[in-house]
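Reviewing the structure listed below.
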Amino acid sequence: MQLLSRDNTQYTFDPAHQPCMKVELGERFRVETHDSRGGRMKTLADYRSTAPDLSQPIPKMNPSTGPIAIKDVHAGDTIKITIHSITIEQGARGYVVFIPGFGVIKDVSSEPTAIFGELKGERIEMETGLSIPLRPHIGTIGVTPTNITPTSLSGTYGGNMDCRFVEAGTELYLPVYMEQALLLVGDVHGSMGAGELMTSGIEMPATVELSVEKVKGVKINGPLLRKGDELWTIATAPEFQDALNLASADMLQFLQDYAGVSRTNAAAMITSVCDAQICQGNDRLFPSIIALSVHKDFVPLFKG
């Protein structure tokens with residue numbers, strides 16, 4: 001099985017980047033990922049020297065591994081990325097970051113700080129005495145759009161969606177913008193609550209195993225996630241309400257296209273059976289990201 005080292009790190013989705021690895025459709029492959037500071041923050045003493053400069057148009061945050069070229073995939077296609085596993089090694093260290101003025105509770109600390117933890121068994125043991133169950137997911141995964149875009153952002157191409165449902169066993173559908181897709185993967189969290197409300201999850205290095213297939217007969221406006229029996233549209237916007245509106249509009253179109261219902265009935269389904277979920281709620285640091293779900297039984301194409 002091919003393995004792409006985390007040494008192949010990017011801070012942008014860039015159409016000019018040359019692929020670091022090429023895979024066939026259906027081929028399973030593994031990708032190593034860094035934590036959100038590229039493995040450079042070992043102790044609290046490293047905090048300031050490793051902190052991204054948020055005044056820069058492309059801050060050094062959310063390093064992502066790739067790009068990975070998917071053979072026989074073209075602009076205009078839809079791909080399905082299956083996440084087979086997310087592995088964090090025993091003894092791996094991670095951290096939660098606090099930034100004064102950021103997060104939903106802005107006065108946790110008067111100075112930038114972090115608390116560190118270590119994976120022991122199926123729990124992350126934090127140095128403060130807190131014990132957190134391991135629940136890994138991928139924060140950043142996406143195909144390359146037509147313009148240069150920081151890996152810290154998200155959009156119709158995927159990117160830094162911070163959706164905690166992007167975990168082992170799920171399938172992520174994405175529209176393709178560039179030849180061979182040029183996939184990037186990074187920013188795994190050992191655990192994170194929905195919304196990443198205090199600026200970070202537990203940031204940890206990992207190895208993910210993926211495969212990619214081309215999906216015929218499906219056209220989508222942005223990310224679509226299948227987790228168990230639920231299908232989620234995921235949308236990004238500067239404001240919370242705009243992100244919710246976009247996720248709802250994408251679901252409205254998806255239900256008309258693939259559930260075979262009228263616009264009115266699709267709207268009725270959104271208000272009666274669809275659930276909204278915050279993916280990113282830290283409005284000062286990132287755009288708002290909202291996911292909206294529907295049970296797969298309402299969508300015949302995805303019942304299997």
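The values are calculated or read from the model by the stated rules, or taken from the named source; none is laboratory data. In this text, all values refer to a predicted model and were calculated from it rather than measured experimentally. So basically every Cβ, Gly included, is an ideal-geometry build from the backbone, and we count neighbours across all protein chains shown. To get the accessible areas, we keep the full protein, side chains included, count just its heavy atoms, and leave off ligands, DNA and RNA. Shrake-Rupley method; radii C 1.70, N 1.55, O 1.52, S 1.80 Å.
Looking at Lys60, is it among the charged types (D, E, K, R), in contact (Cβ under 8 Å) with a residue 40 or more places away in the chain and within 25 Å of Ser211 (Cα to Cα)?
no
In segment 23-44, which residues are hydroxyl-bearing (Ser, Thr, Tyr) and open to solvent by less than 50 Å² (accessible area, probe 1.4 Å)?
Correct list: Thr33, Ser36.
Which residues, taken from segment 245-304, are in contact with a Lys or Arg (Cβ under 7 Å, 6 or more places away or on another chain) and acidic (Asp, Glu)?
Asp297
Of the conditions (1) modelled with pLDDT of 95 or more; (2) out of contact with any strand residue (DSSP E or B) (no Cβ under 6 Å at 6 or more places or on another chain), Pro67 fails just one. Which one is it?
Single failed check for Pro67: (2).
Within 19 Å of Tyr11 (Cα to Cα), touching a Pro at 6+ places or on another chain (Cβ under 9 Å) and hydroxyl-bearing (Ser, Thr, Tyr): does that describe Thr151?
Yes.
Considering only segment 42-72, state which residues are part of a loop (DSSP other than H, G, I, E, B), among the polar types (S, T, N, Q) and under 30 Å from Thr82 (Cα atoms).
Asn62 - this is the single residue of segment 42-72 that is part of a loop (DSSP other than H, G, I, E, B), among the polar types (S, T, N, Q) and under 30 Å from Thr82 (Cα atoms).
Could you list all residues from segment 174-191 that are surrounded by fewer than 23 Cβ atoms within 10 Å (Cβ to Cβ) and either of a type outside the set (Asp, Glu) or under 10 Å from the mean Cα position of the chain (by Cα) (or both)?
Passing the criteria: Pro175, Val176, Tyr177, Met178, Gln180, Ser191.
How many of the residues making up segment 201-247 are within 25 Å of Ile99 (Cα to Cα), surrounded by fewer than 24 Cβ atoms within 10 Å (Cβ to Cβ) and either free of Cβ contacts under 8 Å to residues at least 40 places away in the same chain or in contact with a Leu (Cβ under 9 Å, 6 or more places away or on another chain) (or both)?
Matching residues across segment 201-247 total 2.
Of all residues in segment 86-125 being in a loop (DSSP other than H, G, I, E, B), in contact (Cβ under 8 Å) with a residue 12 or more places away in the chain and open to solvent by 60 Å² or more (accessible area, probe 1.4 Å), which is farthest from Gly139 (Cα to Cα)? Steps first, answer last, please.
The initial filter retains those residues of segment 86-125 that are in a loop (DSSP other than H, G, I, E, B), namely 88-92, 99-112, 121-122.
Applying the additional criterion that residues be in contact (Cβ under 8 Å) with a residue 12 or more places away in the chain yields 88-92, 99-105, 108, 112, 121-122.
Narrowing the set further to residues that are open to solvent by 60 Å² or more (accessible area, probe 1.4 Å) leaves 89-90, 104-105, 108, 122.
Working: Glu89: 18, Gln90: 20, Val104: 19, Ile105: 22, Val108: 24, Glu122: 20 Å.
Ranking the candidates gives Val108 first.
So if I check each of Thr151, Thr156, which one is within 15 Å of the chain's Cα centre (by Cα), more than 20 Å from Phe98 (Cα to Cα), of a type in the set (Ser, Thr, Tyr) and open to solvent by 40 Å² or more (accessible area, probe 1.4 Å)?
Going through Thr151, Thr156 in turn, just one is within 15 Å of the chain's Cα centre (by Cα), more than 20 Å from Phe98 (Cα to Cα), of a type in the set (Ser, Thr, Tyr) and open to solvent by 40 Å² or more (accessible area, probe 1.4 Å): Thr156.
Can you find a residue in segment 34-41 that is at pLDDT 95 or above, closer than 30 Å to Ile99 by Cβ, under 20 Å from the mean Cα position of the chain (by Cα) and not in a loop (DSSP other than H, G, I, E, B)?
no
Does at least one position in segment 45-62 carry a residue that is modelled with pLDDT of 95 or more and either under 21 Å from the mean Cα position of the chain (by Cα) or surrounded by 15 or more Cβ atoms within 10 Å (Cβ to Cβ) (or both)?
No, that holds for no residue.
Name the residues in segment 1-26 that are over 16 Å from Ile70 (Cα atoms) and not in a loop (DSSP other than H, G, I, E, B), would you?
Thr9, Gln10, Thr12, listed by residue number.
Before we move on, is Asp77 at pLDDT below 95 and surrounded by 13 or more Cβ atoms within 10 Å (Cβ to Cβ)?
In short, no.
Out of all the residues in segment 252-282, which are part of a loop (DSSP other than H, G, I, E, B) and open to solvent by 30 Å² or more (accessible area, probe 1.4 Å)?
Gly260, Val261, Ser262, Val273
Report, by residue number, each residue of segment 126-140 that is of a type in the set (Gly, Ala, Ser) and surrounded by 15 or more Cβ atoms within 10 Å (Cβ to Cβ).
Gly139
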